[in-house]
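Beneath this line is the structure, given in structure tokens, with notes to follow.
What follows is calculated from the coordinates using simple rules that are stated; it is not laboratory data. These numbers come from a predicted model, not from an experiment. Please note: Cβ atoms are built from the backbone with ideal geometry, for glycine as well, and neighbour counts cover all protein chains shown.
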Amino acid sequence: MIKHKEEMTEIDNLMLPRAFRVKDLIWETGAGDIYTWELAAESGEAFYFSPGQFNMLYLHGVGEVPISISSDSESGKLIHTTRAVGSVTRAMQDVKLNDVIGLRGPFGRGWPVKEAENRDLVIMCGGMGLPPLRPLIYYVLNHRKKFGNVFLLYGARSPLEIVYKTELEKLQHEKVIQVKVTVDKKEGQWDGPIGVVPSLLDQIEFNRENAVAMLCGPEIMMHYGRLALNRHGVDDGRIFVSMERSMKCALGHCGHCQWGADFVCKDGPVYRFADIAQRFNVREL
Ligand SMILES: Cc1cc2nc3c(=O)[nH]c(=O)nc-3n(C[C@H](O)[C@H](O)[C@H](O)COP(=O)(O)OP(=O)(O)OC[C@H]3O[C@@H](n4cnc5c(N)ncnc54)[C@H](O)[C@@H]3O)c2cc1C
Ligand code: FES
């Protein structure tokens with residue numbers, strides 16, 4: 001059914017993608033399947049979001065996917081980093097500089113940055129878990145004095161799959177926050193740590209009494225990351241995780257992303273672990 005403009009409801013309007021042009025395009029890794037877009041609204045409108053929120057990106061005639069925003073929320077830039085895994089994200093690999101795509105958002109509840117103020121902060125991520133955490137890292141760097149010791153622990157399957165490599169090296173060099181990167185398997189010139197991300201916790205010292213942790217990546221990584229944090233004195237009330245579920249409307253309307261009593265698009269994607277501990281490891285929920 002085609003509706004006239006005056007018949008459109010608020011939900012109709014939120015379902016309509018707006019046109020965004022690809023202003024910059026970077027291939028992130030040697031593996032060649034991860035691409036970063038900087039987008040600008042065709043209307044010229046500014047884009048506001050909170051660290052940890054996501055957009056629905058629409059490729060005309062193919063489909064729509066949820067992708068986290070990975071830029072500095074205070075820079076006015078809108079950046080997304082995507083790994084090609086299936087029908088939509090693979091088709092998006094053919095998008096070129098200056099092409100126009102559709103975008104709805106921002107959606108969801110992001111990282112609770114206030115919870116980490118005046119405390120030590122452990123940011124732990126694996127693989128494509130880094131892009132959703134990048135806005136949080138920028139926020140910390142922009143407001144460094146508000147936080148205690150800050151650690152970024154990142155793991156990739158191989159050195160070839162490390163995203164934002166140059167940026168990570170710059171952060172390691174500047175030492176404004178402590179950055180540790182590990183890989184599952186050594187390749188080429190790699191002389192850094194080898195092993196799973198949670199093992200990096202043994203290499204850092206933080207305040208067990210007050211530290212807050214924010215995790216993003218494969219669920220198996222977050223599972224072991226949380227257990228390791230518990231062993232290091234961080235309880236589930238101070239651990240936050242970002243969840244991924246398949247989405248359609250992103251408005252809490254269709255039920256596609258239902259997880260227990262929640263809709264991940266609206267109630268998440270970021271959750272306090274203590275609130276979801278009962279259902280985290282339940283399959284097919
Ligand atoms: C809130 C949220 C934020 C997200 N942020 C990002 C982001 O910043 N960058 C990003 O690249 N992705 C992100 N994702 C994941 C992304 O939405 C999916 O990879 C995408 O929807 C897959 O769609 P597709 O049509 O390309 O693949 P589909 O055709 O739907 O899937 C094809 C195959 O890929 C597998 N697959 C689907 N999703 C994934 C996945 N995440 N990892 C590995 N295999 C998968 C499926 O099991 C299936 O076998 C996010 C998801 C959510 C819910
Ligand atoms: S995607 Fe429709 S309710 Fe979440």
Exercise. Calculate how many DSSP beta bridges within the chain are antiparallel, expressed in % of all such bridges and rounded to the nearest 5.
Key: 60
Quiz item: Which chymotrypsin sites (Phe, Trp or Tyr not before Pro) from the stretch 1-72 combine a DSSP loop assignment with at most 15 other Cβ atoms within 10 Å?
Solution: TYR48
Practice problem: May I ask you to list the GluC sites (Glu not before Pro) in the stretch 1-97 that are in a DSSP loop and have at most 13 other Cβ atoms within 10 Å of their Cβ? | Solution: GLU42, GLU45, GLU74
Self-check item: Cα-based helix-to-principal-axis angle, 130-142 vs the chain, degrees rounded to 10
Solution: 70
Quiz prompt | Helix-only [θ]222 nm of the chain, DSSP H runs n ≥ 4, -39500 (n - 2.57) each, per residue, nearest 500 | solution = -6000 deg cm²/dmol
Quiz item: Which residues does a label at LYS165 reach in the stretch 215-244, if reach means a backbone N under 18 Å from a point 7 Å past the Cα toward the Cβ?
Solution: none
Quiz item: Extension gain GLN278-LYS175, at 0.36 nm per residue separation less the Cα-Cα distance, in nm?
Solution: 33.3 nm
Quiz item: So, in Å, what gap is there between the alpha-carbon centers of the stretch 1-80 and the stretch 162-217?
Solution: 29
Quiz prompt | Cleavage-rule hits (GluC sites (Glu not before Pro)) in the stretch 97-161: DSSP loop, at most 16 neighbouring Cβ within 10 angstrom | solution = GLU117
Practice problem: Springs between alpha-carbon atoms under 10 Å, Gaussian network over the chain: tell me which of LEU133, LEU14, LEU215 tops the mean-square fluctuations. | Solution: LEU14
Quiz item: By how many degrees, 0 to 90 and rounded to 10, does the Cα axis of helix 219-231 deviate from the longest principal axis of the chain?
Solution: 40
Quiz item: For LYS185 and HIS223, what does the FRET efficiency come to when R0 = 25 Å and r is the distance between their Cβ atoms, rounded to the nearest 0.05?
Solution: 0.75
Quiz prompt | Fully extended contour minus Cα-Cα distance, from TYR48 to ASP24, at 0.36 nm per residue | solution = 6.7 nm
Exercise. Please report, to two decimal places, log10 I(q)/I(0) for the stretch 5-107 at q = 0.15, 0.23, 0.24 Å⁻¹ as given by the Debye formula with identical point scatterers on the Cα atoms and no solvent.
Key: -0.60, -1.37, -1.47
Quiz item: So if R0 is 41 Å, what FRET efficiency would ARG231 and CYS254 give, r being the distance between their Cβ atoms, rounded to the nearest 0.05?
Solution: 0.55
